[in-house]
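Colleague: I have a structure I would like to understand better, so I am pasting it below and will then ask my questions one at a time.
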Amino acid sequence: MRNFLLGLFAFLIVLQGCQSKRVLLNEKYPNPTYRQLLELHEQWLNSIQTFSAKGRITIDSPQFSGNMEANIFARGKDSLLVAIKGLFGSSVGKVFVGKERFIFYNQYDNQFLTGQKSEFDSTNFLQFPLSLSELQQVFLARDQFNVLKKEKFEKQPDGYFLSAKNGRFNYNIYFDPRTLLIKRIEYLNGDQLLFFKEYRQFTEKNGIFFPRVINFVRPAEKQGISIIFTELEINKPIEDQVFKIEVSESAKQLIIPSNNS
């Protein structure tokens, strides 16, 4: 028994030593350049192959304000399903956004709409003040850049700051000092702030950090959406059936003019 306890004690010491050797990114890159931070961001985006979560969504806009529960599933870069729950977990509505097509099913009113994503990209669904593309970008904390031209980069007491631009936007990007991931990003047209996103409470799942809180705000339009993930999993298999929306045979198909009409 004594030998067993000694062996167990030695094993725990070795295990603790192995855990303490795990190197965080801010230790590996004590003084990162802005290029390294952008490269790490791109690596982080590519590391997330599947995403499943439960959360609470708060919407605040002149058109609608309220709270709702949701299940969110994503696979790859082009498949996102958001399923809204009502009282007692009843289904209220779903929207699936794929690479080229989408389907929106309002289960409460038994109506649906489907079509090419490019033709309805500016259409809002489920009371979200977001386009179809923005749904993917906001719910999955995705900020993808082409070539950025640096204007200013500096280390600040609470992280790193990068001001940059490309042909479409100017950006103010704030990086978390611990994870070296983006914690706030502002999209500007010249000096005008179009919208900003905030990522808070990074938690580690399956070796990957992800924010438990996401805020998206359009100040001029007084529109905002906040997502708080109560449960989340990263890179765990998701069955194909999850992304299939079964529409009732009695459902009415909505006819809405597309952006190209």
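No value in this document is a laboratory result; all are computed from the given coordinates. Since the structure is predicted, the reported quantities are computational estimates derived from the model, not experimental observations. Counting neighbours? That spans all protein chains shown, and the Cβs are built from the backbone with ideal geometry, glycine included.
Colleague: Could you list which residues have their amide H under 5 Å from that of ASP176, counting only those 5 or more apart in sequence or on another chain, with H placed in the peptide plane?
Modeller: LEU181, ILE182, LYS183
Colleague: So how compact is region 154-261: Cα radius of gyration and Dmax in angstrom?
Modeller: Both quantities, over Cα of region 154-261: 19.1, 59 Å.
Colleague: Here is a follow-up. Based on the alpha-carbon set only, what is the convex hull volume of region 160-205 divided per residue, in Å³? If you can, show how the numbers build up before the last one.
Modeller: On the way: hull volume 3.6 nm³, N = 46.
Enclosed volume per residue, from the Cα hull, is 79 Å³.
Colleague: Still on this structure, I have one more. In whole Å, how far is the Cα centre of region 54-120 from that of region 204-232?
Modeller: What the calculation gives is 16 Å, centre to centre.
Colleague: Hey, another quick one. From the backbone phi of region 33-41, what are the Karplus-calculated ³J(HN,Hα) couplings (6.51 cos²θ - 1.76 cosθ + 1.60, θ = phi - 60°) in whole Hz, Gly and Pro given as x?
Modeller: These are the phi-based 3J(HN,Hα) values: 7, 5, 5, 5, 5, 5, 5, 5, 5 Hz.
Colleague: Going down the list LYS28/LYS155; LYS85/LYS117; LYS54/LYS197; LYS94/LYS197; LYS117/LYS183, which pairs span over 27 Å between their C-alpha atoms?
Modeller: On the way: LYS28/LYS155 16 Å; LYS85/LYS117 24 Å; LYS54/LYS197 20 Å; LYS94/LYS197 24 Å; LYS117/LYS183 29 Å.
Listed pairs above 27 Å: LYS117/LYS183.
Colleague: Round to the nearest 0.05 the FRET efficiency obtained for THR203 and GLN253 when R0 = 41 Å and r is the Cβ-Cβ distance.
Modeller: On the way: r = 41 Å, r/R0 = 0.99.
The value I calculate is 0.50.
Colleague: Further question on the same structure: In terms of modelled amide H atoms, which long-range or inter-chain residues lie less than 5 Å from the amide H of SER91?
Modeller: GLY86
Colleague: Rounded to whole Hz and in sequence order, give me ³J(HN,Hα) for region 162-173 from the Karplus expression 6.51 cos²θ - 1.76 cosθ + 1.60, θ = phi - 60°, writing x for Gly and Pro.
Modeller: Once rounded to whole Hz, the list reads 10, 10, 8, 8, 9, x, 9, 10, 9, 10, 10, 10.
Colleague: Here's a follow-up. Let's test the formula: R0 of 41 Å, r as the Cβ-Cβ distance of LYS150 and ASN67. What FRET efficiency results, to the nearest 0.05?
Modeller: On the way: r = 40 Å, r/R0 = 0.97.
The calculated FRET efficiency here is 0.55.
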